[in-house]
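A.B. asks: The structure follows.
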Amino acid sequence: MTATLIDMRPAAEPAAAPERPSLIGLDRAGLGAALAAAGVPERQVRMRVAQLWHWLYVRGAAGFEAMTNVSKPLREALAERYTLARPEIVAEQVSADGTRKWLLRFPARGAGRPVDIETVYIPEEGRGTLCVSSQVGCTLTCSFCHTGTQKLVRNLTAEEIVAQVLVARDRLGDFPDAATPAGAIVPAEGRFVSNVVMMGMGEPLYNFDNVRQGLAVVADGEGLALSKRRITLSTSGVVPMIPKAGAEIGSMLAISLHAVRDELRDELVPINKKWPIAELLDACRAYPGLSNARRITFEYVMLKGVNDSLADARELVRLLKGIPAKINLIPFNPWPGSAYACSDWEQIETFADVVNRAGYASPIRTPRGRDILAACGQLKSASERMRKVEREALAQA
């Protein structure tokens, strides 16, 4: 199987429609307020919220007309005021290994251009993991990461975060009565999207409120119903927000560590200059609910001759002492213009042996989707922040 590119754009771009707010991504209180604004009597709001929640997140309805147990007048009233539209899928790429990457386009928010982000689906034995973006671009400029070469354009909304999950389930046939694409690689049993990782474009803890609300919708037991044990939030180390994430989001936590010395991590992950390794690990030790059953994952990209020595492995073990942890060793995924090379496979295995002998699970992550730039650290879109003069001109127009 070779990589394929499926262009999802229509032959002619549709005319822009007046923007209606979406009901996707609202919490139950927000959805209730929207229904009340559409004329639903107060005594019916709770029941109608439950109906719509089921249609949106269990049935995967993309339009109000599908909601057959909702009266026609109410469906029409909702359609006049709101939308359930998915983002535009500009392109879908399918790797030789079955990994899928979608380039999604979201409409302009306020005075600005539409923006593009990438979302990746990774099928594995017994599970399917969706890598979700939280921002358009990134502020962190990690030197080994392709996303870091794209300046931050804006945060994604809760709607846009949840919409990535809905698009994946649409395209994979993971909703009732939906068809799975011919030849698609998906788990043999259970849900096709069984795990969500906030590891796409952006730093989730710099978009905390929207990420919290979006993940609450994803975890809601009467909708998409993904267990918080199957949702992982990855951060480069925004230390003050880590306890807040544990208390208010409650997902699994992953830390992009990548170095065991501050002087090197300052270069690889520049946020380390603000919150160095010792402060980051103190925050990890205090993460709410931390236990052997709820370990923190430390991500460590293997860079040849940079951070892959046996001395680095031994120092990694020393640093993590007392933290229930798993260490994911990530072979570096090259991208155009990168200054780094991937460690030799033998060196990665030797590094892993040191960590394993110290009692830590240390799986070597199999590179997935490299042929479509869908692997860890490779995501990027062409969206750019508009200059002030451009935004003002567009607003006037």
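A.B. asks: Given the options Pro107, Pro73, Pro87, name the one that is surrounded by fewer than 20 Cβ atoms within 10 Å (Cβ to Cβ) and in contact with a Pro (Cβ under 9 Å, 6 or more places away or on another chain).
C.D. replies: Result: Pro107 is the single residue among Pro107, Pro73, Pro87 that is surrounded by fewer than 20 Cβ atoms within 10 Å (Cβ to Cβ) and in contact with a Pro (Cβ under 9 Å, 6 or more places away or on another chain).
A.B. asks: Within the range 207-241, restricting attention to residues that are of a type in the set (D, E, K, R) and under 22 Å from Gly173 (Cα atoms), which residue is nearest to the chain's Cα centre (by Cα)?
C.D. replies: Once the filter is applied, the top-ranked residue is Arg230.
A.B. asks: Check the range 174-184 and report whether any residue there is over 30 Å from Val49 (Cβ atoms), in a loop (DSSP other than H, G, I, E, B) and touching a Ser or Thr at 6+ places or on another chain (Cβ under 9 Å). Walk me through how you get there before you give the answer.
C.D. replies: Filtering the range 174-184 down to residues over 30 Å from Val49 (Cβ atoms) leaves 180-184.
Add one more test, that the residue is in a loop (DSSP other than H, G, I, E, B), and what stays is 180-184.
From what is left, the residues that are touching a Ser or Thr at 6+ places or on another chain (Cβ under 9 Å) are none.
No, the range 174-184 contains no residue that is over 30 Å from Val49 (Cβ atoms), in a loop (DSSP other than H, G, I, E, B) and touching a Ser or Thr at 6+ places or on another chain (Cβ under 9 Å).
A.B. asks: May I pose another question? Is it true that some residue in the range 139-149 is within 20 Å of Val167 (Cβ to Cβ), at pLDDT 90 or above and out of contact with any Phe, Trp or Tyr (no Cβ under 8 Å at 6 or more places or on another chain)?
C.D. replies: No, the range 139-149 has no match at all.
A.B. asks: Let me ask something else. Suppose we filter Glu222, Glu267 for residues that are touching a residue at least 60 places away in the same chain (Cβ under 8 Å) and part of a loop (DSSP other than H, G, I, E, B); which single one remains?
C.D. replies: Of Glu222, Glu267, the one residue that is touching a residue at least 60 places away in the same chain (Cβ under 8 Å) and part of a loop (DSSP other than H, G, I, E, B) is Glu222.
A.B. asks: Also, quick follow-up: Return the residue satisfying two criteria in turn: it lies in the range 150-206 and is within 20 Å of the chain's Cα centre (by Cα) and among the polar types (S, T, N, Q), and of such residues it is nearest to Thr119 (Cα to Cα).
C.D. replies: Gln164
A.B. asks: Let me ask you something else. Within the range 72-129, which residues are of a type in the set (Gly, Ala, Ser), outside any loop (DSSP other than H, G, I, E, B) and closer than 20 Å to Tyr57 by Cα?
C.D. replies: Hits for the range 72-129 are Ala79, Gly128.
A.B. asks: So, one more: Which residue pairs have Cβ atoms closer than 6 Å, lie 6 or more positions apart in sequence or on different chains, and pair a first residue in the range 58-70 that is touching a residue at least 60 places away in the same chain (Cβ under 8 Å) and under 26 Å from Phe192 (Cα atoms) with a second residue that is aliphatic (A, V, I, L, M) and buried (at least 18 other Cβ atoms within 10 Å of the Cβ)?
C.D. replies: The qualifying pairs are Ala62/Leu84.
A.B. asks: Next up: If we keep just the residues of the range 164-188 that are of a type in the set (D, E, K, R) and modelled with pLDDT of 90 or more, which is surrounded by the fewest Cβ atoms within 10 Å (Cβ to Cβ)?
C.D. replies: Checking each candidate, the answer is Asp170.
A.B. asks: Exactly one of (1) out of contact with any strand residue (DSSP E or B) (no Cβ under 8 Å at 6 or more places or on another chain); (2) more than 20 Å from Arg105 (Cα to Cα); (3) in contact (Cβ under 8 Å) with a residue 24 or more places away in the chain is unmet by Ala79. Its number?
C.D. replies: (3)
The values are calculated or read from the model by the stated rules, or taken from the named source; none is laboratory data. These figures come from a predicted structure and were not determined experimentally. Glycine also receives a Cβ, built like all others from the backbone with ideal geometry; neighbour counts cover every protein chain displayed.
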